[in-house]
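Contents: one structure, followed by commentary.
No lab work stands behind these numbers, since they all come straight from the coordinates. As the structure is a computational prediction, the values presented were derived from the model and not from experiment.
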Amino acid sequence: MRRVLLAAGVAGVTLLAAGCASSATGASNSGSGPVVLRLGFLANITHEPALVGLAKGYFTKNLGKNVELKTTIFSSGTEETTAILAGQLDAAYVGPNPAINAWQKSNGTAIKIISGVASGGASLVVKKGITSAAQLTGKSLATPSVGNTQDVALRYWLKQHGLNTTPTGGGA
């Protein structure tokens, strides 16, 4: 079963969709009975398209009367892609890095990236008084998870400013 992945984040939010949906009653998505669409997203500003779509009812309005939307909130795109690869989601909003990782892990067979949804959204927040990258030397920085969009964006920014990190998250 092909799953859909919606990627969100610094480089853009991408929408993934499943080749077929699950059903609460065991029916396929052939229109013979109710269908459940399991959608994953993060409850943060980079997933604003999902948050607005849910708040304004766009999903339920446009999915049709036979489709029940079941949403699951995740704390990282890494967790979302694990769920989609395990068959627990039909569609998800994730950042570009988890989307590429899921596509690579499945040799391009388990997911399909169907749309970019947003761009921007990652910022480095630091303590008052820190005004340059050099002042971050020896400091601890945090991202939601190693390899997610914010983590990759932070590592790239640090590297551009002469600061290195290790693959597991420490400084070098």
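So which of K56/K112; K61/K105; K105/K139; K112/K139; K70/K159 end up more than 30 Å apart, counting from Cα to Cα?
Over 30 Å Cα-Cα: K61/K105; K105/K139; K112/K139; K70/K159.
List the residues whose amide H sits under 5 Å from the amide H of I114, counting only those 5 or more places along or on another chain, with H placed 1.01 Å from N in the peptide plane.
Here L5, L15, L16, A17 satisfy the definition.
Per residue, what volume in Å³ does the convex hull of the Cα atoms of segment 28-172 enclose? Before the final figure, lay out the partial values.
Values: hull volume 18.7 nm³, N = 145.
Per-residue hull volume (Cα only) is 129 Å³.
Once you order the gyration tensor axes a ≥ b ≥ c over the Cα atoms, which shape class does segment 36-100 get: rounded for a/c under 1.5, otherwise prolate or oblate by comparing a/b with b/c?
Oblate, because a/c is 1.5 or more while a/b does not exceed b/c.
What's the center-to-center distance, using Cα atoms, between segment 144-171 and segment 66-111 in Å?
23
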